[in-house]
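Here is the structure we will look at, set down as structure tokens.
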Amino acid sequence: MSITVRQIRTGLNGDEAVAYAVKHANVDVISAYPITPQTIIVERLSEFVYNGELDAEFIPVESEHSALSAALGASLAGARVFTATASQGLALMYEILYITSSLRAPVVMALGNRAFSAPINIHCSHDDAYAARDAGWIQFFAETVQEAYDLTLIAYRVSEDRDVLLPSIINLDGFILTHSVEPLNIFADSEEVSRFLPERKPVNPIDPDNPITYGPLALPDYYMEIKRQQAEAIYSSKPIINRVFEEYKEFSGRRYSPLKTLYIDDAETIFVLLGSTAGTIRHMVRKWRRENKRVGVVSLTLYRPFPEEELIEAIKDAKNIVVMDRSFSYGSPGGQLFMDVSSTLLKYGLSPRILNVIYGLGGRDFTPDLAEKALHLVVETDEKIVWLGVRG
Amino acid sequence: MVKWPNKWMELPIGGVINVPATSVDVKTGTWRSHRPVVNLDKCIKCLMCWVSCPDNSIIRLDDDYVDVDYYHCKGCGICANVCPTDAIDMVEEGGI
Amino acid sequence: MANFIRRLNEIPREELFASGHGLCAGCGIPPMVKIALKAVDGPKTVVNATGCLEVATTLYPNTAWRVPWVHNAFENAAATASGIEAALRALKRKRGWKDYKIIVFGGDGGTFDIGLQSLSGALERGHKFIYVCYDNEAYMNTGIQRSGATPIGAATTTSPAGRVIPGKPENKKNLLDIVLAHRVPYAATLNSAYPIDMWNKFAKASEYLDKGIGPIFFHYYSPCPVGWRMDSALSIEVARLAVQTRIWPLYEVEEGKIKINVMVRRPKPIEEYLKLQGRFRHLLKPENRHILEKIKEYVELNWNRLIRLSQLDSIY
Amino acid sequence: MIEIRWHGRGGQGVVTSSILLSQAAIYEGKYAIHIPEFGPERRGAPVRSYTRIDDEEIEIRYGVLNPDIVVVIDPTLITYKELILEGVDEETRFIFNIHDSNVPGDYRGRHVFMVDAYRIALDTLGRPIYNTAMLGALIGATNIVKLDSAIEVMRNRFSGEVLERNIQALKRGYSEVISLG
């Protein structure tokens, strides 16, 4: 295999990396409203458009609700579309999240993960990503700035595939990735990227010569069939996502898969988590291995559709599972990823000891001593849910 | 008459209706309790009934006289009301 | 070229809005929609806010539309149209796609109230589309609840003609004033009893869009026999009375210049308009005389203001 | 891995210094990460920023807890010793911006470097913005990256006269930093 695409090694923050990916995707329409910590994305994209470096329409809407509404309209019209938001902005879009996936519009959105109010907080939680988990969007989680860049390009290929036609979210941890500068490779120009991501070929775009009614009223006699079809669509996207990961590896040299694992083969205890904290856990796992502790880690790059077969394959032999949630589902049996993992285990007839760790809400730093504490708790207590590092 | 698929996997994706004007098959004429009857002797071809009908149920003939599409006419009576020459009568359904 | 008309027989026969839809008998919306789709020439796409027109014309798998039609949600028709218009601009430029015009239909709830923010944003950004608010003066689709467009004194299910409060206490919001604050190039009121005036306004709007100028805003008086509690045959008659009593002045505003299209020199008594509609009937009782007087004052105030403004070269 | 903690006040370019340093290291083919510590910071409030530099890929993403180097961009912050000395050990090096005063006794016996970035900033930029002078001082004191690498990445951030003046400040910081032992 030889990689022929020209790449540049540079240092960017996560927001800038996403902006470059969107530029390299040669999008047609950007519709967004500023919100911390996503703002740098749309600032950079505005610069690209205003300086003539990207031939796109930038719609500076008056709210996130309109940001996604306009993105949906533009996507139905046949354009390659981008939007970005965070936290409260995602909450304001909520109604349109479901409409976008139901209308099978391949909108791509970057989500700078941030806590929901109140109290108002601009830092990282996965509240917003989880809030969108039932909305029928494909969701990717980036662990690094490089992944934020790559997954944005991958998301376009997946979303616009005529056998998928679903919107995608690329999650990147607020501040921890959005504002941190890291080294990454970006492609030298959009022209070359078009070999991986050609111009969008929309299926059934708005066309007066072929008048289609988009978004009609469907009552009990048809609603359920339409929803059944949508459920199938997101499950069926998984093989296509895997194929696109493979093609991206051929194109860029960088390998992606629905989940990343380290030291799982003989692990007694496996950590399962999403987002940028995976690197810290991996670092700790290496340390624990040096101490002869049989610990492994699984981090999910693909969150929706939930990669259940891959997850089960990875964790089926572990005695203890630590599921880390950077959010909480109030009044539920536990955090959101905990519920995903627990129900998957049950579905496959497995019942290991499972501990739900709630960590890092509102940007609280996840440090090595907290990781040590989680490892201690899973083997030495029978607690089910712990809020790690909370006073009191 | 459009034959619409019945199975979930066969429906057009995204819940769209990909055939225009499928509603013309719907017989809204059953809504009617009174029917408009046109007396062409009085019609002056002003077309106020035609332009005002919410259901396109006034048929504009080649010579601009009008007829009624009873398959769709809901019997609202606007046509009779707007007619400047009282050329349209609303007649109770049932007897005919 | 704009296709202005002087007689109704100049309107082409072919309908782009089909029969078989589920709007109520005597609904005031279709006469406007039919004209809009024909008078705006060339290829076109409709964006529709949630509301009567939307639900009643697209009961799956039946659609009344012969043009592309997009429904997103209730409050975002203007934003959705913004996206389509921006996409079309990009696709024309980058990929040589064919042009089409965009017409947005939203009810008074979707325009005056919940959709006002998205409308304002779109008007401020100057998207090239025609937005028509079909105003039946309440939330008819959900069962006749009061909206910001409901006139003072009108009884709705959330502003009933009660013993203490007889109908809606507040005046109707002046939507066109809000729209004009955005300095739109062309805006007008429409009325189904004046189809030639309505046609020519849509034709003019179409001409603006041909020149790449927008947005255009129309405020359409849309009688609702069910919500107004009146005989379905009276839709057009009551619309005409609204103009002839000066309750619904027909005017247009081009680049800030107001032109009154139907000069009502000797207005008919407002009681003639009110008595046809169940929603106003309580106002004719002696104990509610004070509200009737308020309505009269308000109508006169608005009319006189309009006359004064129409004497200016431009209100902008 | 080398871990650096920057202290300053909002508006002084604490974040910019850390970004420039990480980008200079990346430019040299090293791995580096800049981590901002953000609040709804307003001009004047004490702020921190972190840089990590290594020859291998950096996976950890928490803030720097035990800095190898502490850079204090704002001269008045030196007296807040509980802030400056948090998590340090006897090996930690300190780069202070000192003007018209002495290094407080609390730092006796530590590896302290100082530079009059206030003077440099006024001379070169005409305004008390210390970040590039302090970046120069850090490089002068530690050779953590090459001076040329810093100049190279500054070219992507500044242009014209602003660039030239910042390069001047950087170079003066580099050459004027002195070790106090």
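Annotation: aspartates and glutamates with alpha-carbon distance below 13 angstrom to C:K168 (same-chain offsets under eight excluded): C:E137.
Close amide-amide hydrogen proximity is noted between D:H111 and D:F94, each under 5 Å apart and 5 or more residues distant or on a separate chain (H modeled in the peptide plane; Pro and chain starts excluded).
Dividing the summed helix terms, -39500 (n - 2.57) for each DSSP H run of n ≥ 4, by the number of residues in the protein assembly as shown produces a 222 nm estimate of -10500 deg cm²/dmol to the nearest 500.
Computed over the Cα atoms, what is the radius of gyration of the protein assembly as shown divided by 2.2 N^0.38 Å, N being its residue count? Display every interim value, and only then the final one.
On the way: Rg = 33.7 Å, N = 985, 2.2 N^0.38 = 30.2 Å.
After normalising by residue count via 2.2 N^0.38 Å, the value is 1.12.
Taking the charge dipole of region B:27-92 about its Cα centre, with +1 at Lys and Arg Cβ atoms and -1 at Asp and Glu Cβ atoms, the residue from B:M48, B:V38, B:G75 reaching farthest to the positive side is B:G75. Excluding same-chain neighbours fewer than eight residues apart, the aspartates and glutamates reachable from C:K257 by a Cα-Cα span under 16 Å are C:D177, C:D313.
In this model, which of C:K173/C:K294; B:K3/C:K101; B:K45/C:K38; D:K30/D:K81 are farther than 23 Å apart at the alpha-carbon? Display every interim value, and only then the final one.
Numbers: C:K173/C:K294 15 Å; B:K3/C:K101 31 Å; B:K45/C:K38 20 Å; D:K30/D:K81 32 Å.
Distance filter (> 23 Å) returns B:K3/C:K101; D:K30/D:K81.
Beta bridges from DSSP with both residues in region A:7-252: antiparallel share about 25 percent, rounded to the nearest 5. Springs join every pair of Cα atoms under 10 Å in this Gaussian network model of chain C, and among C:G148, C:G167, C:G20 the largest mean-square fluctuation is at C:G20. The percentage of C-alpha pairs in region A:113-272 whose separation is greater than 20 Å is 64%. Here the relative contact order of region D:40-181, from alpha carbon pairs under 8 Å that lie six or more residues apart, stands at 22 percent.
Bridges between two residues of region C:103-181, per DSSP, are antiparallel at a rate of about 40%. Bridging of A:K316 to lysines at a Cα separation below 17 Å is possible for A:K260, A:K347, once same-chain residues fewer than 8 apart are set aside.
Remark on region C:1-148: Rg and Dmax equal 15.6, 46 Å (Cα only). Evaluated at q = 0.07, 0.13, 0.15 Å⁻¹, a Debye calculation over the C-alpha positions of region A:7-252 (equal weights, vacuum) places log10 I(q)/I(0) at -0.21, -0.74, -1.00. Measuring between their Cα centroids, region B:20-47 and region A:305-329 lie 64 Å from each other.
Starting from the Cα gyration tensor of chain C, multiply each eigenvalue by 5, take the square root, and state the resulting semi-axes largest first in whole Å. Can you show the working numbers first?
On the way: eigenvalues 198, 96, 69 Å².
Square roots of five times the eigenvalues give 31, 22, 19 Å.
Apply the Debye scattering formula to region B:27-92, with a single equal point scatterer on each alpha-carbon and no solvent, then give log10 I(q)/I(0) at q = 0.23 Å⁻¹. Taking Cα atoms of region B:27-92 as identical point scatterers yields -0.90.
With +1 assigned to the C-beta of every Lys and Arg and -1 to the C-beta of every Asp and Glu, and no other charges, what is the dipole magnitude of the protein assembly as shown about the Cα centre in debye, to the nearest 20?
That gives the protein assembly as shown a dipole magnitude of about 1920 debye.
Against the empirical curve 2.2 N^0.38 Å, the C-alpha radius of gyration of chain D lands at a ratio of 0.94.
Here, region A:259-387 is characterised by an Rg to Rh ratio of 0.92, where Rg is the alpha-carbon radius of gyration and Rh the Kirkwood radius.
Counting each pair of different Cα atoms once, what's the Kirkwood radius of region D:80-180 in Å, rounded to one decimal?
Working: mean 1/r = 0.0708 Å⁻¹.
Computed over Cα pairs of region D:80-180, the Kirkwood hydrodynamic radius comes out at 14.1 Å.
Projected onto their three principal axes, the Cα atoms of region D:1-89 cover extents of 35, 27, 20 Å, largest first. Counted over the protein assembly as shown, the DSSP beta bridges are approximately 40% antiparallel. Once the other residues with Cβ under 10 Å from the Cβ of D:R61 are scored (Lys, Arg +1; Asp, Glu -1), what is the net sum? Combined, the nearby Lys, Arg, Asp and Glu give -4. Between the alpha-carbon centres of region C:170-239 and region A:62-97 there is a gap of 29 Å.
Taking a threshold of 30 Å on the Cα-Cα distance, which of the pairs B:K27/C:K98; C:K128/C:K268; A:K249/A:K384; C:K172/C:K268 fall above it? All intermediate terms of the calculation are to be shown ahead of the outcome.
Values: B:K27/C:K98 36 Å; C:K128/C:K268 38 Å; A:K249/A:K384 39 Å; C:K172/C:K268 21 Å.
Correct reply: B:K27/C:K98; C:K128/C:K268; A:K249/A:K384.
GNM remark for chain A: springs join alpha carbons under 10 Å apart, and the peak mean-square fluctuation among A:F328, A:F271, A:F251 falls on A:F251.
When the Debye formula is applied to the Cα atoms of region A:295-339, each taken as the same point scatterer, what base-10 log of I(q)/I(0) results at q = 0.14, 0.28, 0.32, 0.34 Å⁻¹? These q points yield log10 I(q)/I(0) values of -0.38, -1.20, -1.27, -1.29.
Working note: Karplus 6.51/-1.76/1.60 with θ = phi - 60° gives region B:25-40 the couplings 6, 7, 8, 7, x, 6, 6, 7, 10, 10, 10, x, 10, 9, 9, 5 Hz, where Gly and Pro are set to x. Charged neighbours of C:R95, selected by a Cβ distance under 14 Å, balance to +2 (K, R count +1; D, E count -1).
Any idea what the relative contact order of region A:7-252 is, in percent, if you count C-alpha pairs under 8 Å spaced at least 6 apart?
On the way: 488 pairs, mean separation 61.1, N = 246.
It rounds to 25 percent for region A:7-252.
Computed from the coordinates by the stated procedures, all read-outs in this text should not be read as laboratory data. Note that the structure is predicted; figures quoted are calculated from it, not measured. A quick note on method: Cβ atoms are made from the backbone with ideal geometry, for glycine too, and the neighbour counts reach across all protein chains shown.
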